[in-house]
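The values are calculated or read from the model by the stated rules, or taken from the named source; none is laboratory data. Being a predicted model, the structure only gives us computed values, none of them experimental. Glycine also receives a Cβ, built like all others from the backbone with ideal geometry; neighbour counts cover every protein chain displayed. Please note that ligands, DNA and RNA were not included when accessible areas were found on the heavy atoms of the full protein model with its side chains. Shrake-Rupley method; radii C 1.70, N 1.55, O 1.52, S 1.80 Å.
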Amino acid sequence: MTNLPGMNCGLCGYRSCEDFGNFLNSHPEQIKRCIYLSEHKLGTAQPKRKTPALTATSTFPAAPATGSNAAGCGADKASCAVACGAGVQNEKGQRRVDSEEGRWKDSLGRDFDFFLDQFPEDPGPREVIIPHNPMLTRELEIQKGEILIGRPLGMSCGCPITHCGIVHTVDYKTGVITWFVTGPLDPRNKGYKDMGYYIAEGYEGLISESRVDVKLGMRYFFQPRRCMLHWRHSGLVNYVNRTPAGLQVRVEGLWIG
C-alpha cells in the first residue's frame, strides 16, 4: 500500500489519512482521490482558464489548504465514488451502523442523524441551486455539462467554501440549476463560468447509513458524505423512495449547523 502523506486535509472525503487508508485496503484503485499522490497534484502545468462572458462577484477557489477544514475533491467519476460503511440494513432498507465513539458527530463535535451519499451514476453530489441574480442563468448562457463555480451565501447555507461543479439541468424560466458538486480540478484544468453567490435550494441523494428511521416531512441533521468541512447540515425530507442502493431522498430548507 502506498504511504499516504499524513496531511489529514479531507480532500479525499475522509477525515484523516488513516480513515482513507482503511478504505483503500478494499478499494486500492481509489488512491487517485489523494490529490497529493494523483497526476493532478498542485505544481503541474495547467492550461489557461477561460474568461466568462459575464463576470459575477466571486473568487476562484484557492489552492487546497492543508488543515482539517480544507475543501475540494477529485472531479472524475471514480474519484467521487462513495464507499458505504459496514453495517446492517433495517426494515426500510437503510443501513444502520452501531454508533462507535465519534461516528455520528461532525468535525465540531455536533450530533447528526444520517450520511447523504451521491447517486452511483453521478460525478458528484446533486445540488439544486439558484444564483442570487437569477438572470445570470440566461445571461451566462449556462448549458448542461458546463463547469461553474460559486459560493452559497446567506440564509440557505452560508458555507465559507467556493463550490465547483458540472451542470446537470437548467431552467431558464426560473433560473434554477441542478449541478453535480465536484471540486477545483476541473475549473483549473478546463475553465469555468462564475455565477457568483447562489442559494442552495436542496440536495438529492441516497441515505446508505442512518442511526434513525428517516420519515417524510421530518427535519433532520445530516452530513453530506462529500462535505470537505465535515459539518452537519439541517434539512426537511420532502421526497423518499426506497431503492436497492439505499433510501433516495430530496432534502430542502437547508441550513448549516
Filter segment 109-152 down to the residues that are farther than 30 Å from VAL212 by Cα, aliphatic (A, V, I, L, M) and open to solvent by 10 Å² or more (accessible area, probe 1.4 Å) and list them by number.
ILE130, MET135, LEU136, ILE147
Tabulated pairs, segment 3-24, first touching a residue at least 12 places away in the same chain (Cβ under 8 Å), second of a type in the set (Val, Ile, Thr) and buried (at least 21 other Cβ atoms within 10 Å of the Cβ), C-beta under 9 angstrom, 6+ apart or interchain:
CYS9/ILE35; LEU11/ILE35; CYS12/ILE35
